[in-house]
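Working notes, beginning with the structure itself.
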Protein chains: 2
Amino acid sequence: MAAAVTNFDVHDIARCAKTFGLGGFYIITPLKSQIRLVESLIRHWVEGTGSVYNPTRKESLSLVRVSKTIEEAGQEISDLWQKKVKKVSTGASRYPKCISFRDLRELLEDRSTPFFLLFGTGWGLTEEVKEGSDYVLAPIEGRGYNHLSVRSAVAIILDRLLGDRF
Amino acid sequence: MAAAVTNFDVHDIARCAKTFGLGGFYIITPLKSQIRLVESLIRHWVEGTGSVYNPTRKESLSLVRVSKTIEEAGQEISDLWQKKVKKVSTGASRYPKCISFRDLRELLEDRSTPFFLLFGTGWGLTEEVKEGSDYVLAPIEGRGYNHLSVRSAVAIILDRLLGDRF
């Protein structure tokens, strides 16, 4: 199943990616119409009139890439780094052998290895994607309610992994 | 100035509020048209067909209230608690005498005092609102970029103040 990409997902997540110093942010969708939509959104803000109207959007949306599959995007990252990417799945439910936020935060300090954090919209990532990952991150535990939007989940997870500790 | 309320703001923030166990979430807007819009959105998901279609939205949107001013909302909270509410402003820039996340997290452990966290959309909270608050929270420090959406800022701030520490 392919969930629709929303403008809000692209903008909010790109701004988070920029805030926490990520190298890039891939939108993965097999749908040609969605790919064209995202590409035109990026063009508008990065090269078009939007880049003059709001330069901070240009900065964040410059990080956005589009890809048809996780494999294709992962390969691009591995090629860029000349090192195999480590894939990390995320999700709202517990998974056997999750990695904790603390442990992943430590792993990310190794700046010579590329990490690829995967977030699902709609019904989340498939079992197949989770099983094909190097790590599955522990869920954000709420007070008996775990239905955050993907935008909120990305914000919290990036802050826990890369934000200032206090 | 009054910024427009977006559906995404209401849904995303209500789901965060529910996740972190908040008592309520006020949308503050002086515009009658916006008030009616939010009220009809809440009715749809809490009482209308939406409540059957997606019960998790009912749970989160049950927390949403609408008010014309911060003062009016603050008074309602104080009346409910029979104790004067403490107002906490938030924002993207440093303010003299900010309270740190750590210190505010400790204050929130006092469950007998109501706290009212204020978030601004559009251009953020006015100086007047900040000066009229009991506390101004330190900003989220990014890597030289601080243009998060209000939705992402709420998610990160609630997690830092009320989420599990690890």
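Just need the relative contact order of chain A here, percent rounded to a whole number, with Cα pairs under 8 Å and 6+ apart.
On the way: 211 pairs, mean separation 41.2, N = 166.
Computed value for chain A: 25 percent relative contact order.
Round to the nearest 10 and report in Å² the accessible area of B:C98, as given by a 1.4 Å probe over the protein chains' heavy atoms.
40
Once label points are set 7 Å from the Cα along Cα→Cβ at both B:K84 and B:V52, what is their separation, rounded to one decimal in nm?
4.9
Between the range B:3-49 and the range B:90-144, what is the C-alpha centre distance in whole Å?
21
Quick check for me: using +1 on Lys/Arg Cβ and -1 on Asp/Glu Cβ, what's the dipole size of the range B:37-154 about its Cα centre, in debye to the nearest 20? Spell out each step's value before the answer.
Values: 17 positive and 16 negative charges, 64 e Å.
Once rounded to the nearest 20, the dipole reads 300 debye.
Given a 1.4 Å probe and heavy atoms of the protein chains only, how would you sort A:Y26, A:Y135, largest accessible area at the top? Could the numbers behind the result be given before it?
On the way: A:Y26 40, A:Y135 65 Å².
Largest accessible area first, the list is A:Y135, A:Y26.
Find every distance from the label point of B:E141 to the corresponding label point in the other copies (7 Å from Cα along Cα→Cβ) and write them in nm, one decimal, shortest first.
2.9
Between B:L118 and residues 5 or more places away or on another chain, which pairs have amide H atoms under 5 Å apart, with H built 1.01 Å from N, and which residues are they?
Result for B:L118 returns B:V88, B:S89, B:T90.
Report the one residue of B:F25, B:T113, B:P96 whose Cα lies farthest in the direction of the positive end of the charge dipole of the protein assembly as shown (charges on C-beta: Lys and Arg +1, Asp and Glu -1; origin at the Cα centre).
So the residue we want is B:F25.
For A:T113, which inter-copy label distances result when the label point lies 7 Å beyond Cα on the Cα-to-Cβ vector, reported in nm to one decimal and in ascending order?
4.5
Note the distances from A:S78 to each other copy's matching label point, with points 7 Å along the Cα-to-beta-carbon direction, in nm, sorted shortest first.
Copy-to-copy label distances for A:S78: 6.2 nm.
Once you treat every alpha carbon in chain A as an equal point and sum by Debye, what is log10 I(q)/I(0) at q = 0.09, 0.10 Å⁻¹?
Scattering profile of chain A, log10 relative to I(0): -0.30, -0.37.
Express the carbon and sulfur contribution to the solvent-accessible surface of the protein assembly as shown as a percent, rounded to the nearest whole number, probe 1.4 angstrom.
Values: 9150 of 17590 Å².
Percent of accessible area from carbon and sulfur atoms in the protein assembly as shown: 52.
Could you sort the residues of the range A:148-166 by number and keep only those whose accessible area is reduced by 10 Å² or more in the all-protein-chain setting relative to the chain alone, 1.4 Å probe?
Hits at the 10 Å² cut-off: A:L148, A:S149, A:R151, A:S152, A:A155, A:I156, A:D159, A:R160, A:L162, A:D164, A:R165, A:F166.
Can you give the accessible area buried between chains B and A, summed over both chains, with a 1.4 Å probe, in Å² to the nearest 100?
Buried surface at the B/A interface: approximately 3400 Å².
Can you work out the accessible area per residue across chain B, with the rest of the protein chains kept in place, probe 1.4 Å, in square angstrom?
Working: 8810 Å² over 166 residues.
Heavy-atom accessible area per residue stands at 53 Å².
Using alpha carbons only, what's the Rg to Rh ratio of the range A:73-154 with Rh from Kirkwood? Walk me through the intermediate numbers first.
Details: Rg = 13.3 Å, Rh = 13.6 Å.
Answer for the range A:73-154: 0.98.
From the phi of every residue in the range B:141-158, what ³J(HN,Hα) in whole Hz does the Karplus formula 6.51 cos²θ - 1.76 cosθ + 1.60 yield, where θ is phi - 60° and glycine or proline is x?
Residue by residue, the range B:141-158 yields 8, x, 7, x, 9, 10, 10, 6, 6, 4, 4, 5, 4, 4, 4, 5, 5, 5 Hz.
As an exercise, identify the trypsin sites (Lys or Arg not before Pro) in the range B:121-166 lying in DSSP coil whose Cβ has no more than 13 other Cβ atoms within 10 Å. The partial results should precede the final answer.
Working: sites: B:K130, B:R143, B:R151, B:R160, B:R165; in loops: B:R143, B:R165.
Sites meeting the loop and neighbour criteria: B:R143, B:R165.
For labels at A:K97 and B:T126 in the simple 7 Å Cα→Cβ model, what's the distance in nm?
5.8
List for the range B:1-39: residues with 40 Å² or greater reduction in accessible area, all protein chains versus chain alone, probe 1.4 Å?
In the range B:1-39, residues shielded by partner chains: B:F8, B:D12, B:R15, B:T19, B:F20.
Apply the Karplus parameterisation 6.51 cos²θ - 1.76 cosθ + 1.60, with θ equal to phi minus 60°, to every residue of the range B:22-30 and state each ³J(HN,Hα) to the nearest whole Hz, in sequence, with x for glycine and proline.
My calculation for the range B:22-30 gives 6, x, x, 9, 9, 8, 10, 8, x Hz in order.
Which GluC sites (Glu not before Pro) in the range A:80-166 pass both tests, a DSSP loop state and at most 15 other beta-carbon atoms within 10 Å? Could the numbers behind the result be given before it?
Working: sites: A:E106, A:E109, A:E127, A:E128, A:E131, A:E141; in loops: A:E109, A:E141.
Those that pass, being in a loop and sparsely packed, are A:E109, A:E141.
Between the DSSP loop rule and a limit of at most 13 other Cβ atoms within 10 Å, which chymotrypsin sites (Phe, Trp or Tyr not before Pro) in the range A:89-131 are left?
Working: sites: A:F101, A:F115, A:F116, A:F119, A:W123; in loops: A:F119, A:W123.
Hits after loop and neighbour filter: A:W123.
Say the cut-off is 30 Å between C-alpha atoms; which of A:K32/B:K58; B:K58/B:K130; A:K97/B:K18 go over it? Before the final figure, lay out the partial values.
Values: A:K32/B:K58 34 Å; B:K58/B:K130 32 Å; A:K97/B:K18 27 Å.
Going by Cα-Cα distance, A:K32/B:K58; B:K58/B:K130 fall outside the 30 Å limit.
In whole Hz, what ³J(HN,Hα) sequence does the range B:68-84 give by Karplus (6.51, -1.76, 1.60; θ = phi - 60°), x for Gly and Pro?
After applying 6.51 cos²θ - 1.76 cosθ + 1.60, I find 7, 9, 4, 4, 4, 5, x, 5, 4, 5, 4, 4, 4, 8, 6, 7, 5 Hz.
The values are calculated or read from the model by the stated rules, or taken from the named source; none is laboratory data. Please read all numbers here as calculations on a predicted model, not as lab measurements. No Cβ is skipped: glycine too gets one built from the backbone with ideal geometry, and neighbour counts run over all protein chains shown. Accessible surface is based on the protein model in full, side chains and every heavy atom, while ligands, DNA and RNA are left aside. Shrake-Rupley method; radii C 1.70, N 1.55, O 1.52, S 1.80 Å.
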